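Below is one structure, written out as structure tokens; comments come after it.
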């Protein structure tokens, strides 16, 4: 029966090299049958039942040569003894999934340049990708919980819709040549949370949605537009610059505890939330000199001493929170409950509104507490002719 199955597979490969379902490779005979095709139309699965003669260490190797294109998916999962996978001639894949291969340490696909969907999960022994020529095009990339120390082999990507790299404890750097991210980019929890992963996208111009977490550096020198959100959470970098970014759907900096400077000088509009919160070393917000419109919420909280919005003339809602020192300046009026001025702390707002705010460009405003409320825990309000921003402590 087994001989008949092998003959049938070889006949199938030579005659049509296609299947409406999934070809299951359980041993070397099946792999040889697949290798007889230049193009295989369908999907190929190498399941946990795969078995070939093992080496002295008990590990198994699989080599599939000859086939250059698989139109469907190549899936290899739960083959617990597979330590080496070679795809010597493969150029193009519909999808490439490797999962739960705990001893896989060698992956070689030297000719591979195009994969629609790349999904690598739970590959703790794999340190290098082995894509010698390098991928240039992929719709979706997910790499999570691997032993990869480098993404050499996909750094040549020029086009990708979705890119997600997370929880790769040995990975310290990502650099891609992509010019656009059509859907989303997510990078988080790499480099073992030690110093954070360094990222560089020198040619990236447009993206729909981008999220960076636990990164030591983020370089986006050519980025001009983000359709949805650009978010930075819990990163370790001290400064961030996007010199060519002009529009964003939303812009968020939260819990970046070493951040001291943000510079996005060409940004003119944010069409969603504009949030800067809990970045404990960030004292001044003065890198948004052309920002004029925020159509969503403007929500800031932190140890700020200065905000500079020289062009801002429209924000849907505004909430600015600041942590004040525990000693207060003279000039307190007990009848009004207001401080008229303080030299011990300073919150300066530049050009927040058209008209009077543009004329002076700087106001040191009156600080007033709510009736019968303590200074150290209650809401305070800045007022100038009308209340326009709230301060919480």
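The values are calculated or read from the model by the stated rules, or taken from the named source; none is laboratory data. The model shown is predicted, which means the values in this text are computed figures rather than measured ones. Heads up, the Cβs are rebuilt from the backbone with ideal geometry, glycines too, and the neighbour counts pull from every protein chain shown.
The residue that is farthest from the chain's Cα centre (by Cα), among those in the range 301-310 that are outside any strand (DSSP E or B) and crowded, with 16+ Cβ neighbours inside 10 Å, is 310. When the range 1-18 is filtered for residues that are buried (at least 17 other Cβ atoms within 10 Å of the Cβ) and at pLDDT 50 or above, only 17 remains.
Looking only at residues that are over 13 Å from the mean Cα position of the chain (by Cα) and not in a strand (DSSP E or B) in the range 176-195, which one is farthest from residue 145 (Cα to Cα)? This residue is 179. Checking 71, 77, 102 one by one, the residue that is at pLDDT 95 or above and under 21 Å from residue 20 (Cβ atoms) is 71 and no other. So, residue 226, is that one in contact with a strand residue (DSSP E or B) (Cβ under 6 Å, 6 or more places away or on another chain), over 30 Å from residue 268 (Cβ atoms), modelled with pLDDT of 95 or more and in a strand (DSSP E or B) or not? For residue 226, the condition - in contact with a strand residue (DSSP E or B) (Cβ under 6 Å, 6 or more places away or on another chain), over 30 Å from residue 268 (Cβ atoms), modelled with pLDDT of 95 or more and in a strand (DSSP E or B) - is not met. Filtering 267, 282, 298, 245 for residues that are over 20 Å from the mean Cα position of the chain (by Cα), modelled with pLDDT of 90 or more and within 15 Å of residue 230 (Cα to Cα) leaves a single hit, 267.
Of all residue pairs spaced 6 or more apart or on separate chains, those with beta-carbon atoms under 9 Å, a first member in the range 62-81 that is at positive phi and surrounded by fewer than 17 Cβ atoms within 10 Å (Cβ to Cβ) and a second member that is in a strand (DSSP E or B) and modelled with pLDDT of 95 or more are 78/99.
With the structure loaded, tell me whether residue 112 is surrounded by 17 or more Cβ atoms within 10 Å (Cβ to Cβ), at pLDDT 95 or above and assigned to a loop (DSSP other than H, G, I, E, B) or whether it fails that test. In short, yes. May I ask you to verify whether residue 76 is assigned to a loop (DSSP other than H, G, I, E, B) and touching a strand residue (DSSP E or B) at 6+ places or on another chain (Cβ under 6 Å)? Taking the combined requirement at face value, the residue does not satisfy it.
Candidates 36, 32, 51: the one that is more than 20 Å from residue 83 (Cα to Cα) and modelled with pLDDT under 90 is 36.
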